[in-house]
Structure formats: structure tokens, C-alpha cells
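Contents: one structure, followed by commentary.
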Amino acid sequence: ARGALVGGGCCSEPRLRAAREVAAMGIRADVYYGFREARYGREPDRHTAGVVRVATDSGRVGFHGFVTQMLKPEEYDLVVCCGPEVMMRRVAAMCAQQNTRCLVSLEKKMACGIGACLGCTCKTKSGEGKSVCKHGPVFDAKEVFE
């Protein structure tokens, strides 16, 4: 199975951990980082990840542009995405066009952490609201993005 981990900004550490966990299962996922000006956080060790690609909006480091411009979902069986919602929506749309499964990690303020307060509820395609803290934070992109 071929996998990619995609994210922007402060999601560097979750991607690092995900890369290590996936590597422990014998899969070397490619990692895509997107930042505004410069890379921060750490890249996964080269023995943990497959290819590591970095994009910056300014072009100061790596590819000049968005991380979504480097991603080719048709090359993967699964794409896991974390970061700004606008980026995750774009990745989800790209994956849907290529019939590539996409998982997204949503960020919401979680007051109670057990799903009781409904403060972190997100809408799903079915119209049902789901608590990010209880049902997520990782969702199939087809479930939460149109």
C-alpha cells in the first residue's frame, strides 16, 4: 500500500508521529509539508518516511507554492491530511477526483472532551452532527467535506 501524509503549518509534529507509526507497520509513507515562509518543527527521519517534500508560499524553502501543487493523489492508496481547513478541503477534493481514500484530522475547540457539550460538533454529509472529540478527530474526508 502506498500512503501520503500531508499537512500545513503547526501539524508538523502529528505528521512526524504518524510517519513513525506507519513505518512501524512496515509502510514508508511519503510526507508533504506546507508552510508560509519557512519550515518549522522537524522532518521525519529519512529511514521513517519515503519521500519528504516541502513547500512554502514564499518560495524561501523547498517548492514555491502550495503543498497541494506537489501532491498527486493518483499515486497513493491512502492520503492522511492535517492542517488548515482550506488545505484539507482541497486535498479531499483532489483525492475524490482520483478515487483515492482520504482521511482528515479536524481541529475544533473541545470543552468537555467526551462529546457532552457539543462544542466541537462538525457537520457530516448525512446532515448528522458528530463530535470531533468523541467520533474523531480523524474522519473520512467524504464524510465531512463536500
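The values are calculated or read from the model by the stated rules, or taken from the named source; none is laboratory data. Please read these numbers as outputs of a predicted model, since none were measured by experiment. Note: ideal-geometry Cβ built from the backbone for every residue, glycine included; neighbour counts use all protein chains shown. Heads up: the accessible areas ignore ligands, DNA and RNA and are worked out on the full protein's heavy atoms, side chains in. Shrake-Rupley method; radii C 1.70, N 1.55, O 1.52, S 1.80 Å.
Rounded to the nearest Hz, the phi-derived 3J(HN,Hα) couplings of the range 80-95 under the Karplus curve 6.51 cos²θ - 1.76 cosθ + 1.60 (θ = phi - 60°) are 10, 10, 8, x, x, 4, 4, 5, 5, 4, 5, 4, 4, 5, 4, 5, where x marks glycine and proline. For the chain, the longest principal axis of the Cα atoms and the long axis of helix 12-24 meet at an angle of about 80 degrees. Computed from phi, the 3J(HN,Hα) profile of the range 132-146 under the Karplus parametrisation 6.51, -1.76, 1.60 (θ = phi - 60°) reads 5, 5, 9, 9, x, x, 8, 10, 5, 4, 5, 7, 10, 10, 7 Hz, with x in place of Gly and Pro. For the chain, what is the percent of antiparallel DSSP beta bridges, rounded to the nearest 5? Within the chain, antiparallel bridges account for around 20 percent of the total.
Pull out a ≥ b ≥ c, the square roots of the eigenvalues of the alpha-carbon gyration tensor of the chain, then state rounded if a/c is under 1.5, prolate if not and a/b is larger than b/c, and oblate in the remaining case. Mind showing how you got there, number by number?
Working: a/c = 1.58, a/b = 1.53, b/c = 1.03.
Prolate, since a/c reaches 1.5 and a/b exceeds b/c.
Taking 0.36 nm per residue of separation and subtracting the current Cα-Cα distance, fully stretching the chain between His64 and Cys10 would add 17.6 nm.
Across the range 5-10, coupling constants 3J(HN,Hα) worked out from phi with the 6.51/-1.76/1.60 Karplus curve, θ = phi - 60°, read 10, 10, x, x, x, 6 Hz, and Gly and Pro carry x. Close amide H contacts of Arg53 (hydrogens built in the peptide plane, cut-off under 5 Å, sequence separation of 5 or more or a different chain): Val31, Tyr32, Tyr33.
For the pair Met25 and Lys72 in one chain, pulling the backbone fully straight at 0.36 nm per residue adds 14.6 nm over the alpha carbon distance. Under a model in which nothing but the beta-carbon of Lys, Arg (+1) and Asp, Glu (-1) is charged, the chain shows a dipole of about 160 debye around its Cα centre. Amide H contacts of Thr121: Val132, each under 5 Å away and 5 or more positions distant or on a separate chain (H built 1.01 Å from N in the peptide plane; Pro and chain starts excluded). Under 5 Å between amide hydrogens, built in the peptide plane, is the criterion, and for Arg101 it picks out Val79 among residues at least 5 positions away or on other chains.
Run the numbers for Gln97 and Ala38: contour at 0.36 nm per residue of separation, minus the present Cα-Cα distance, in nm. Working shown, then result.
Numbers: separation 59, 0.36 × 59 = 21.24 nm, distance 3.02 nm.
18.2 nm is the gain from fully extending Gln97 to Ala38.
For the chain, with all protein chains present and a 1.4 Å probe, just round the carbon and sulfur fraction of the accessible area to a whole percent. Working shown, then result.
Numbers: 4200 of 8260 Å².
Reported share for carbon and sulfur atoms: 51 percent.
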